[in-house]
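Here's the structure we're looking at; comments come further down.
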Amino acid sequence: MQYIKIEKQPQDGIGIIYLNRPEALNALNTELMEELSNQIVEWDYDSEIRCIVLTGSEKVFAAGADIKQMAGKGAIDMLMIDQFTKWDKIKRCKKPIIAGVSGFALGGGCELVMHCDMVVASETAQFGQPEIKIGVMPGAGGTQRLTRAIGKVRAMEMVLTGRFITAHEALQYGLINKVVPVEIYLQETLKLAKQVASMPPVAVRLAKEAVLKSFEMSLEEGLIFERKNFYLLFASEDQKEGMNAFIEKRQPNWKGK
Ligand code: CAA
């Protein structure tokens, strides 16, 4: 792989993907997105991986879609390439994905962060949707996911002025889970990932699915969906194990089935 690096830590059930295109501030060209989305699909079906971490470097998470790759394209080129279809593979991942963000997360970089389920940021992280400054607008979910995450007026300001927000603002807005010193952002991201990976995998999968449905269903439909997933978990060995371990005052031993 040319534009990402991967590291598997099966003892902790986690897989780490590093965006690795430093010469272009990890700009998300179609090749990088192909590698990234394929890796996520591979790990979604890898029983040794229970949580995925997506990160960049201390300097940059990702400075957006690759402007140089897109600059000369016409609307029909964009339609036929349909680059954002690859992003849907990330959206469909059934395992939790946690972003560890340091430095810039801009445009498609910010949208990639919002494809993840949780976000740990370093104090140097900056989030923004600056597409307006180059004559376009967000195209990978920025107008939709950002608005749902931080509300209309804040999203409007970011999308219409291109202003970057700091990690502390992002925390206050509810875009991210926590802000930590840059020296420990990856460590803290991995700590959170290991914690999630230590939970019963079937319950994690159905719980993630139910939380994400809340963005697409009415409250009534979502509550019915949640209830069915809850009942379904009573078919798992881990439900028996978890409840018996509680009653017997011991640690559960998850089987993942
Ligand atoms: N695409 C392609 N190349 C990029 C890039 C991008 N999004 N962002 C940075 N680069 C390249 C620069 O062209 C430069 O390359 P050269 O050395 O060959 O000139 C290199 O990365 C370093 O960048 P800078 O010299 O600009 O670094 P800086 O520290 O001065 O500035 C920055 C950093 C503020 C992030 C600035 O690079 C910048 O504004 N980048 C573009 C951000 C942006 O507009 N992102 C949105 C893209 S469109 C999009 O994402 C659509 C969507 O919805 C998916």
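Quick notes
- Residue pairs meeting the criteria (Cβ under 7 Å; at least 6 apart or on separate chains; first farther than 21 Å from Asn29 by Cα and modelled with pLDDT of 95 or more, in segment 140-151; second surrounded by fewer than 17 Cβ atoms within 10 Å (Cβ to Cβ) and not basic (Lys, Arg)): Arg148/Phe215; Ala149/Gly174; Ile150/Gly174
- Residue within segment 164-187 that is within 12 Å of the ligand (Cβ to nearest atom), free of Cβ contacts under 8 Å to residues at least 24 places away in the same chain and not acidic (Asp, Glu) present: no
- All positions within segment 43-82 that are hydroxyl-bearing (Ser, Thr, Tyr) and under 25 Å from Val180 (Cβ atoms): Thr55, Ser57
- Put simply, of Ala203, Ala155, Ala207, Ala140 the only residue that is hydrophobic (A, V, I, L, M, F, W, C), part of a helix (DSSP H, G or I) and within 16 Å of the chain's Cα centre (by Cα) is Ala207.
- Residue pairs meeting the criteria (Cβ under 7 Å; at least 6 apart or on separate chains; first in a helix (DSSP H, G or I), in segment 100-119; second of a type in the set (Val, Ile, Thr) and more than 8 Å from the ligand (Cβ to nearest atom)): Val113/Val101; Val113/Val119; His115/Ile90
- Checked against the criterion of being crowded, with 22+ Cβ neighbours inside 10 Å and in contact with a Cys (Cβ under 9 Å, 6 or more places away or on another chain), segment 64-80 has at least one qualifying residue.
- Arg163 being basic (Lys, Arg) and touching a Phe, Trp or Tyr at 6+ places or on another chain (Cβ under 8 Å): no
- Flag if Gly72 is modelled with pLDDT of 95 or more and part of a loop (DSSP other than H, G, I, E, B): yes
- The lone exception for Leu160 - which of (1) in contact with an Asp or Glu (Cβ under 9 Å, 6 or more places away or on another chain); (2) surrounded by fewer than 24 Cβ atoms within 10 Å (Cβ to Cβ); (3) of a type outside the set (D, E, K, R) it fails: (1)
- Taking first residues from segment 75-91 that are in a loop (DSSP other than H, G, I, E, B) and of a type in the set (Phe, Trp, Tyr) and partners that are modelled with pLDDT of 95 or more and surrounded by 13 or more Cβ atoms within 10 Å (Cβ to Cβ), the Cβ contacts under 8 Å between residues at least 6 apart in sequence or on separate chains come to Phe84/Gly139; Phe84/Ala140.
- Residue that is acidic (Asp, Glu) and assigned by TED's automatic domain parsing to the domain that holds Ile16, where the choices are Glu221, Glu216, Glu183, Glu226: Glu183
- All positions within segment 120-138 that are within 8 Å of the ligand (Cβ to nearest atom) and either over 13 Å from Leu175 (Cβ atoms) or free of Cβ contacts under 8 Å to residues at least 24 places away in the same chain (or both): Pro130, Glu131, Lys133, Ile134, Val136, Met137, Pro138
- Matching residues, segment 210-257, being aromatic (Phe, Trp, Tyr) and assigned to a helix (DSSP H, G or I): Phe225, Phe230, Tyr231, Phe234, Phe246
- Test: Asn20 is more than 14 Å from the chain's Cα centre (by Cα) and within 11 Å of the ligand (Cβ to nearest atom): no
- Remark: pairs (first residue in segment 233-247, within 11 Å of Val202 (Cβ to Cβ); second residue surrounded by 13 or more Cβ atoms within 10 Å (Cβ to Cβ) and of a type in the set (Gly, Ala, Ser); Cβ separation under 6 Å; 6+ apart in sequence or on different chains) = Leu233/Ala203.
The values are calculated or read from the model by the stated rules, or taken from the named source; none is laboratory data. Just so it is clear, the structure is predicted and the values come from calculations on it, not from any experiment. Quick reminder, even Gly has a Cβ in these numbers, built from the backbone with ideal geometry, and neighbours come from all protein chains shown.
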